[in-house]
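Colleague: Sharing a structure with you now.
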Amino acid sequence: MNKALILNRIKEYNDFKTDKELASFLGISKSTLSNWYNRNSIDYDLVFSKCVQIDKNWLLTGKGKMLKEEKESDIIINPIVINRKTKDSLKEIQEIPLYNLHATAGLVELFKGSNQDAIIDNIKIPGIASCDGAVYVSGDSMYPLLKSGDIVLYKEVDISRLFWGEMYLLSIQLDDWSEYITIKYIQKSELGEDYIKLVSQNQHHQPKDEPIKNIQALALIRASIRIQSS
């Protein structure tokens, strides 16, 4: 099987013009993607976890329909449990924009509010605290609490107003040109007040101490949404 065709179908579905966009979407480096093309290899588990909306038969063979057939689904909304004494007031109902992170220049630009073209849809949610937006989950660092393809609802916050032990969507600066976007619990670091400790739900991911100066954007996770097809 020609693996390059599978990768090209992912580009076609997402309307990616460059390999850089594809590598960013898959969460791999450009050199890894080049190796996949050159060696006719692919990480199927990773690809399938990133392409939950795409029909597997079309992805692998190019035959049939591009999108999975609509099935009767259960939508499960899970408010995130908080451990602090103060509670946020709940809204009777609110309309929250769902963003395509891969169509933006990153979390920092998304939070600036200049990415209206990145809005996929608007979600009406009753009975949760105020939210600024929603994005799809990518990766398995918070598994099984969050799975790739779930949706998280977030509230933008300042790094100076952290609630220790709670779950956050955050952007970490890697260099002058790139950022790493992830979801983690944030705890106090033993290295001092200039650091925070990032902790995963998935025990296969080790905790990491990160300098606060590297945190470019931060949002408190309010709730998650999981769609289960029957």
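The values are calculated or read from the model by the stated rules, or taken from the named source; none is laboratory data. Keep in mind that this is a model prediction, so the values were computed, not measured. Neighbour counts are summed over all protein chains in view; Cβ atoms, including those assigned to glycine, are modelled from backbone coordinates with ideal geometry.
Colleague: Restricting the search to the stretch 31-45, which residues are part of a helix (DSSP H, G or I) and either modelled with pLDDT of 90 or more or among the hydroxyl-bearing types (Ser, Thr, Tyr) (or both)?
Modeller: SER31, THR32, LEU33, SER34, ASN35, TRP36, TYR37, ASN38, ARG39, TYR44
Rundown of residues vs (1) touching a residue at least 12 places away in the same chain (Cβ under 8 Å); (2) out of contact with any helix residue (DSSP H, G or I) (no Cβ under 9 Å at 6 or more places or on another chain), yes/no style:
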site: VAL135; (1), (2): yes, no
site: TYR143; (1), (2): yes, yes
site: SER160; (1), (2): no, yes
site: LYS188; (1), (2): yes, yes
site: GLY192; (1), (2): no, yes
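Colleague: Listed residues PHE48, PHE16; which is not aliphatic (A, V, I, L, M) and not in a helix (DSSP H, G or I)?
Modeller: PHE16
Colleague: Please verify whether the stretch 23-42 includes one or more residues that are in contact with a Gly (Cβ under 9 Å, 6 or more places away or on another chain) and small (Gly, Ala, Ser).
Modeller: Within the stretch 23-42, one or more residues are in contact with a Gly (Cβ under 9 Å, 6 or more places away or on another chain) and small (Gly, Ala, Ser).
Colleague: Determine which member of the set SER148, SER178 is free of Cβ contacts under 8 Å to residues at least 24 places away in the same chain, closer than 23 Å to LEU101 by Cα, touching a Gly at 6+ places or on another chain (Cβ under 9 Å) and hydroxyl-bearing (Ser, Thr, Tyr).
Modeller: Numbers: SER148 fails: free of Cβ contacts under 8 Å to residues at least 24 places away in the same chain.
Going through SER148, SER178 in turn, just one is free of Cβ contacts under 8 Å to residues at least 24 places away in the same chain, closer than 23 Å to LEU101 by Cα, touching a Gly at 6+ places or on another chain (Cβ under 9 Å) and hydroxyl-bearing (Ser, Thr, Tyr): SER178.
Colleague: Test of understanding: among ILE159, ILE128, ILE123, ILE96, which residue is under 29 Å from ASP209 (Cα atoms) and either buried (at least 17 other Cβ atoms within 10 Å of the Cβ) or at pLDDT 85 or above (or both)?
Modeller: Numbers: ILE128 fails: under 29 Å from ASP209 (Cα atoms); ILE123 fails: under 29 Å from ASP209 (Cα atoms); ILE96 fails: under 29 Å from ASP209 (Cα atoms).
Going through ILE159, ILE128, ILE123, ILE96 in turn, just one is under 29 Å from ASP209 (Cα atoms) and either buried (at least 17 other Cβ atoms within 10 Å of the Cβ) or at pLDDT 85 or above (or both): ILE159.
Colleague: Determine which member of the set TRP164, TRP177 is surrounded by fewer than 19 Cβ atoms within 10 Å (Cβ to Cβ) and under 21 Å from GLN201 (Cβ atoms). Outline the logic, then answer.
Modeller: Values: TRP177 fails: under 21 Å from GLN201 (Cβ atoms).
Exactly one residue qualifies, and that residue is TRP164.
Colleague: Which of the numbered conditions does SER141 fail, given that it passes all the others? Conditions: (1) touching a Leu at 6+ places or on another chain (Cβ under 8 Å); (2) within 20 Å of GLY106 (Cβ to Cβ).
Modeller: Here SER141 meets the rest and fails (1).
Colleague: Which residue out of ILE54, ILE28 is outside the structural domain of SER138 (by TED's automatic domain parsing), aliphatic (A, V, I, L, M) and closer than 15 Å to SER178 by Cβ?
Modeller: ILE28
Colleague: Out of curiosity, is ILE159 over 26 Å from LEU46 (Cβ atoms), in contact with a Lys or Arg (Cβ under 8 Å, 6 or more places away or on another chain) and among the aliphatic types (A, V, I, L, M)?
Modeller: Numbers: over 26 Å from LEU46 (Cβ atoms): yes; in contact with a Lys or Arg (Cβ under 8 Å, 6 or more places away or on another chain): no; among the aliphatic types (A, V, I, L, M): yes.
In short, no.
Colleague: So GLY149 fits all but one of (1) at negative phi; (2) assigned to a loop (DSSP other than H, G, I, E, B); (3) surrounded by fewer than 18 Cβ atoms within 10 Å (Cβ to Cβ); what number is the exception?
Modeller: (1)
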